[in-house]
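Asks: Shown below is the structure under consideration.
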Amino acid sequence: MSGALAGKTCLVTGASRGIGAAIAVMMAAQGARVAVHYCSNKAAAVTVKEGLVGDGHTVIGADLSDPSCGEALIGRAAGDLGRLDVLVNNAGIYLPHPALELDSEEWLSRWNKILSVNLVAPAALCQAAAKVMAEQGGGRIINVGSRGAFRGEPDGPAYGASKAGLHSMSQSLAVALAKENIQVFAIAPGFVETDMAKSLLESAAGEAIKAQSPMNRVARPEEVAEVVCFLAATEAEFMTGGIIDVNGASYLRS
């Protein structure tokens, strides 16, 4: 199959819906074989996999709230696909935890859960993938961060902190792994039109959220997927270490 990702093998975490599903669909359309990861909704992941262009795709379940599953998940993906060229750490969770509205036990519980899924699990996956990629002669790691890492998340500080950590880890690994021909990137989306954000976007706050961008809308999942696929392609090599904003100018940083 021809395409920018022809012959590539890719693992996309959190690919049963939303941004992850859009990434899996677009990668397959560009010639890649894709491992569709899910946490709990196997049926949705299978539906995504069955809709992918081409052959050789696979579905893999793993609960990333237990980061120790990282090595097994990478091993399974590399085994099913025959190798692993691209890892996309897309899976993540958001739990509101306003500082003054929770007792200390619940406050720390939510911090631990969010950091486990959004930062520690991607760290485990990055290390395991890097070992596989180094043996193969190279690869790409793309971590899906957030605009919230820069502008702050007042009702979800652990979410903002986890994404800031993900960005920083990406930059550190870009330097550490360059000699192994492994490039590492992060992207920082703003609001995206997904099932997770649907209720908020359809609420009274929806118009104000859209107005944060001068384009007066939020991103479509496919727009985030386009950036991920570009970074996975050969031409993006010298962008390693970059954090790419995908927020419609809703937050500008220097």
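Asks: Could you work out the percent of alpha carbon pairs in the chain separated by over 30 Å, rounded to a whole number?
Replies: That fraction is 22 percent.
Asks: Could I get the Rg over Rh figure for segment 135-254? Both from C-alpha atoms, Rh via Kirkwood, rounded to two places.
Replies: Working: Rg = 15.5 Å, Rh = 15.2 Å.
Radius of gyration relative to Kirkwood radius: 1.02.
Asks: To continue, here is another question. Can you list the aspartates and glutamates whose alpha carbon is less than 16 Å from that of Lys42, not counting same-chain residues fewer than 8 positions off?
Replies: Those aspartates and glutamates meeting the cut-off are Glu50, Asp63.
Asks: Would you mind checking Lys8/Lys198; Lys8/Lys49; Lys49/Lys113 for any pair whose Cα atoms are more than 22 angstrom apart?
Replies: Numbers: Lys8/Lys198 32 Å; Lys8/Lys49 16 Å; Lys49/Lys113 28 Å.
Over 22 Å apart, Cα to Cα: Lys8/Lys198; Lys49/Lys113.
Asks: How many times 2.2 N^0.38 Å is the alpha carbon radius of gyration of segment 122-179?
Replies: Details: Rg = 13.3 Å, N = 58, 2.2 N^0.38 = 10.3 Å.
Against the empirical 2.2 N^0.38 Å value, I get 1.29 for segment 122-179.
Asks: Under a cut-off of 19 Å between alpha-carbon atoms, report the lysines in cross-link reach of Lys179, not counting same-chain residues fewer than 8 places apart.
Replies: Partners found: Lys131.
Asks: Net charge within 12 Å of Leu200 by Cβ-Cβ distance, Lys/Arg positive one each and Asp/Glu negative one each, not counting Leu200 itself?
Replies: Values: positive: Lys198, Lys210; negative: Asp155, Glu193, Asp195, Glu202, Glu207.
Spelling it out: positives minus negatives among the neighbours equals -3.
Asks: While we're on this one: Taking one equal scatterer on every alpha-carbon of segment 89-200, how large is log10 of I(q)/I(0) by Debye at q = 0.10, 0.15, 0.19 1/Å?
Replies: The computed values of log10 I(q)/I(0) come out as -0.33, -0.68, -0.96.
Since every read-out is calculated from the coordinates, none of them should be taken as a lab result. Nothing here was measured: the structure is a model prediction, and the numbers come from that model. Every residue, glycine among them, receives a Cβ derived from its backbone with ideal geometry; neighbour counts consider all protein chains shown.
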